Amino acid sequence: MTTAAPTAVRMTVNGKDVNLTLDPRVTLLDALREHLRLTGTKKGCDHGQCGACTVIVNGRRMNSCLSLAVMHEGDEVTTIEGLGTPEDMHPLQAAFVEHDGYQCGYCTPGQICSAKAMLEEIRAGVPSHVSANLDRVEMTDDEIKERMSGNICRCGAYANILAALRSVEAGA
Ligand code: FES
Ligand code: FES
């Protein structure tokens, strides 16, 4: 890759202000992993197809491999490291452990970031393709499956992921 003029970007990552100077073609995913050493966020396909790189930006989930870091000036980014720690897990993390929601765990950070924002979407009444009633969105298995369909699990732990998400739907 030839070089491009470095560009400054300031964002808040997991509650901390960070200042980076990056090639403007660096993705948010690579900025997080390679520049900030936050390797919890995974690179699967690097093409927006697997969801392994999902993070939460200003409250909404996004595939960080599809977004340039310099587009996030002033944004609030939350990665799996910002949700919980091994000593103090987020309820979603605890539920994945309890319900055996992962095998290799490679998809898990993206699944959990996606799930956190997804549960908030349903609570906010944002309809999806499968919503039967656009005025009253219900927390059904079909709603959860549809909304999590962008997060691929190669190990096929889907049934247990669904059980984990259902177990925290009231409190995450
Ligand atoms: S790595 Fe971003 S969607 Fe697969
Ligand atoms: S647990 Fe292995 S990819 Fe999901």
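Go through (1) within 16 Å of ligand 1 (Cβ to nearest atom); (2) surrounded by 13 or more Cβ atoms within 10 Å (Cβ to Cβ) for Arg154 and report which single condition fails. Condition (2) is where Arg154 drops out. The set of residues in the range 146-163 that are within 9 Å of ligand 2 (Cβ to nearest atom) and of a type in the set (A, V, I, L, M) comprises Ile152, Ala157, Ile161.
Screening Cys155 on (1) part of a helix (DSSP H, G or I); (2) more than 19 Å from Val55 (Cα to Cα) shows it passes everything except condition (1). For the range 15-27, does any single residue satisfy the condition of being part of a helix (DSSP H, G or I), over 17 Å from Cys107 (Cβ atoms) and open to solvent by 60 Å² or more (accessible area, probe 1.4 Å)? No, because not a single residue in the range 15-27 is part of a helix (DSSP H, G or I), over 17 Å from Cys107 (Cβ atoms) and open to solvent by 60 Å² or more (accessible area, probe 1.4 Å). Consider the range 135-148. How many of its residues are out of contact with any Gly (no Cβ under 9 Å at 6 or more places or on another chain) and either basic (Lys, Arg) or assigned to a loop (DSSP other than H, G, I, E, B) (or both)? Residues flagged as out of contact with any Gly (no Cβ under 9 Å at 6 or more places or on another chain) and either basic (Lys, Arg) or assigned to a loop (DSSP other than H, G, I, E, B) (or both) within the range 135-148 amount to 5.
Out of Gly48, Gly84, Gly101, one residue alone is touching a residue at least 40 places away in the same chain (Cβ under 8 Å) and not in a helix (DSSP H, G or I). It is Gly101. Counting only residues that are among the hydroxyl-bearing types (Ser, Thr, Tyr) and open to solvent by 80 Å² or more (accessible area, probe 1.4 Å), which one in the range 91-147 is farthest from ligand 1 (Cβ to nearest atom)? Result: Tyr102. With respect to being small (Gly, Ala, Ser), within 15 Å of ligand 1 (Cβ to nearest atom), within 23 Å of Ala4 (Cβ to Cβ) and open to solvent by less than 50 Å² (accessible area, probe 1.4 Å), Gly48 fits the description.
Residues that are within 16 Å of ligand 2 (Cβ to nearest atom), on the phi > 0 side of the Ramachandran plot, without any contact (Cβ under 8 Å) to a residue 60 or more places away in the chain and not in a helix (DSSP H, G or I) are absent from the range 51-74 altogether.
The values are calculated or read from the model by the stated rules, or taken from the named source; none is laboratory data. Note that the coordinates shown come from a computational prediction; the quantities given were computed from them, not determined experimentally. Don't worry about glycine lacking a Cβ; one is built from the backbone with ideal geometry, like all the others, and counts go over all protein chains shown. The area values use the complete protein model at the heavy-atom level, side chains included, leaving out ligands, DNA and RNA. Shrake-Rupley method; radii C 1.70, N 1.55, O 1.52, S 1.80 Å.
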